[in-house]
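Please read the structure below before turning to the comments.
The values are calculated or read from the model by the stated rules, or taken from the named source; none is laboratory data. Computed from a prediction, not measured in an experiment: that's the story for all the values here. We place every Cβ from the backbone using ideal geometry, glycine too, and count neighbours over all the protein chains shown. In case anyone asks, the SASA skips ligands and DNA or RNA and just uses the protein heavy atoms, side chains included. Shrake-Rupley method; radii C 1.70, N 1.55, O 1.52, S 1.80 Å.
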Amino acid sequence: MRRAHGRAGKGRLRVDTTTSFRLVIADDHPLFRGALREAVARQFSAAELFEAGGFEELQALLERESDIDLILLDLTMPGVRGFSGLMYLRAQYPGIPVVVVSANEEASVIRNCMEFGASGFIPKTSAVETMREAIAAVLEGRTWTPADVDLSGGADKETQALVARLGTLTPQQVRVLMMLSEGLLNKQIAYELGVSEATVKAHVSAILQKLGVESRTQAVIAASKIEGGTWAQAAG
């Protein structure tokens, strides 16, 4: 990943806005992608921006392009459920910072995003200057969350343990869990992923073991607890 060049100031690095960063904006709303693109371009004039309107498109883009510096990710877009997109990206591309950009500003959602490895969280209601500040902070190697949101409370121990267990899933296991939540059979999952049914069964067994459950249904229910009741319902 390209490192930001800057100078020390007020005890922290200041990112060089003339650096040719490569950023991805992943959101299914063209108008918001355009607004975010304009916000980024005005601050980082040399930035190369890529866009994706769905998770499959995002996956294809990341496989095609190298040296991406930052992904701006909406939690709700075609192909993802809840935090699954974030979980997949952190597992598959651990070297690329991910900033979640969401309409859901609940402290629990922000906290879970950070627990799952996000480098920052930007509410969609944020002013353009705030968005720029957040992006610059992450490009400097820091994390950023809204100052007016109290994240000190933390989740209960059971939820924290579940978040930790979900974080051990491999990228492929995350995808399988997403498909299990859609009610797909092993044969259908195998077709979608281009693997054998035996491979899918192995993934399902690993998922059950990692989550400490005994059935596919229990796995989906366990994951749904992070969303406050339904894995299938997007978090924002």
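Annotations for the structure displayed:
- Residues that are assigned to a helix (DSSP H, G or I) and over 16 Å from Ile110 (Cα atoms), drawn from the stretch 139-161: Leu139, Lys157, Glu158, Ala161
- Residue within the stretch 56-71 that is of a type in the set (Gly, Ala, Ser), surrounded by fewer than 22 Cβ atoms within 10 Å (Cβ to Cβ) and within 25 Å of Ala222 (Cα to Cα) present: no
- Which listed residue is open to solvent by 30 Å² or more (accessible area, probe 1.4 Å), modelled with pLDDT of 90 or more and β-branched (Val, Ile, Thr), from Thr130, Thr159: Thr130
- Residue, farthest from Thr159 (Cα to Cα), within the stretch 107-135, restricted to residues that are free of Cβ contacts under 8 Å to residues at least 24 places away in the same chain and outside any helix (DSSP H, G or I): Ala127
- Qualifying residues in the stretch 15-38 (those that are surrounded by 21 or more Cβ atoms within 10 Å (Cβ to Cβ) and not β-branched (Val, Ile, Thr)) - the one nearest to the chain's Cα centre (by Cα): Ala26
- The set of residues in the stretch 188-210 being among the basic types (Lys, Arg) and farther than 15 Å from Val220 by Cβ consists of Lys201 alone.
- No other residue among Leu193, Leu185 is open to solvent by less than 60 Å² (accessible area, probe 1.4 Å) and of a type in the set (A, V, I, L, M) apart from Leu193.
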